[in-house]
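The values are calculated or read from the model by the stated rules, or taken from the named source; none is laboratory data. Everything numeric in this text was worked out from a predicted model, so none of it was measured. Positions of Cβ are generated from backbone atoms using ideal geometry, with glycine treated the same way; all protein chains shown enter the neighbour counts. Just the protein is used for accessible areas: all its heavy atoms, side chains included, with ligands, DNA and RNA removed. Shrake-Rupley method; radii C 1.70, N 1.55, O 1.52, S 1.80 Å.
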Amino acid sequence: MRIDLHTHSTASDGTLTPAELVRAAAAAGLDVVALTDHDTTAGWAPATAALPEGLTLVPGAELSCRWYGGVDRGFDPPIPLHLLAYLFDPADPALSGELTRMREARERRAERIVEMLQADGIDVSWAEVYTYANGASVGRPHIAQALIRRRLVANSDEAFAPQWLGRRYRLPKEDIDVFTALRLVRGAGGVVVFAHPRATRRGRVVPDELIVEMAEAGLTGLEVDHEDHSPEQRAAVRRLAAELDLVVTGSSDFHGSHKTVQLGANTTAAEEYERLIASAVSATRPVLATKDRPG
Ligand code: AMP
Ligand code: ZN
Ligand code: FE
Ligand code: FE
């Protein structure tokens, strides 16, 4: 079984449509793929409709969170973190309302970043960035495309350098509090995995004490095998997962051509996957395409 539990489509900042993504997942030899676009479930329906025979789709989302409670303990400003939420009820009013709020905040933030670029005489427009996002959950990768198009940078990596979107033209997102997110996803019947918890190359990471508290608040798993984790970081997260009896996952965090990583670059063991999905209680289940699938 080859299981990849973290991918992005054009519903957020990936470059393959949800339909293309599931076809690419089958072509890459995956048996199970999770679709985890940033702060949206918009890709679920088109991915399900295009699901190739024999491939299982796990509907999910990657939530942009922040640990606001750490400020009192000296973690100031609050540390951002990503939660992978799976198999929740997409119509749950509290959770879907929060996702809508987050996407709207992403739009306002991207628009302000464009204004910052324009104020420095850089010729990019919000209309262009909005077109690249094409109704998706908008993010810095869409702004990066405008910079590449203007030949101001050669590729996404350069666009994320400190003098561009990595620092100078970076604004914080209005992220959801990590414990609110856990409560909302569990309340909507889903399960939660902490994405790339030790990826220091992305910035500050949270201390183990927070992961202990998250486990008490309903966290089900930790993403261990991720390209942004060094071997030492993977070992540390694996040890913590064993201590806290959390599920261990591995995944590609595939973004199409916005990143170099390929589908299935890291995978999740079958028994860990089974444990994970067994913790979900909503009516949303992994979808398996078969010949006689209705509809
Ligand atoms: P945002 O959600 O707007 O803060 O943008 C963050 C997203 O940008 C991440 O989810 C990654 O997909 C992408 N990203 C971050 N760093 C890089 C990089 N160095 N090269 C390409 N994409 C990146
Ligand atoms: Zn992304
Ligand atoms: Fe992430
Ligand atoms: Fe991701």
Sole exception among (1) among the aliphatic types (A, V, I, L, M); (2) part of a strand (DSSP E or B); (3) away from ligand 4 (no atom under 14 Å from the Cβ) for VAL193, by number = (3)
ask   = Which of the residues belonging to region 88-104 are within 13 Å of ALA136 (Cα to Cα) and hydrophobic (A, V, I, L, M, F, W, C)?
value = LEU99, MET102
request  = Quickly run through region 198-236 and pick out the residues that are open to solvent by less than 50 Å² (accessible area, probe 1.4 Å), closer than 20 Å to ARG275 by Cα and not hydroxyl-bearing (Ser, Thr, Tyr).
outcome  = ILE211, MET214, ALA215, ALA217, GLY218, LEU219, GLY221, LEU222, GLU223, VAL224, ASP225, HIS226
key: Any chance THR40 is within 16 Å of ligand 2 (Cβ to nearest atom), of a type in the set (Val, Ile, Thr) and over 18 Å from ALA195 (Cβ atoms)   = no
ask   = Mind checking which residues of region 251-295 are modelled with pLDDT under 95, among the hydroxyl-bearing types (Ser, Thr, Tyr) and either assigned to a helix (DSSP H, G or I) or in contact with a Pro (Cβ under 6 Å, 6 or more places away or on another chain) (or both)?
value = none
remark   = Taking region 7-23 and keeping only residues that are away from ligand 1 (no atom under 16 Å from the Cβ) and surrounded by fewer than 21 Cβ atoms within 10 Å (Cβ to Cβ), one is left with THR17, ALA19, GLU20, ARG23
request  = Would you point out which residue out of VAL124, VAL58, VAL71 is more than 15 Å from ligand 2 (Cβ to nearest atom) and within 18 Å of the chain's Cα centre (by Cα)?
outcome  = VAL58
ask   = When residues of region 7-33 are filtered for being in contact with a Pro (Cβ under 9 Å, 6 or more places away or on another chain), of a type in the set (Gly, Ala, Ser) and more than 18 Å from ALA136 (Cα to Cα), how many remain?
value = 3
ask   = Quick check: is even one residue across region 126-138 at pLDDT below 95, closer than 20 Å to ASP177 by Cβ and either out of contact with any Cys (no Cβ under 7 Å at 6 or more places or on another chain) or buried (at least 20 other Cβ atoms within 10 Å of the Cβ) (or both)?
value = yes
query = Here are ALA94, ALA110, ALA61, ALA85: which of them is within 25 Å of ARG183 (Cβ to Cβ) and assigned to a helix (DSSP H, G or I)?
reply = ALA94
task = Would you please name the residue that is least open to solvent (accessible area, probe 1.4 Å), looking only at residues in region 164-193 that are charged (D, E, K, R) and within 19 Å of TYR86 (Cβ to Cβ)?
result = ARG186
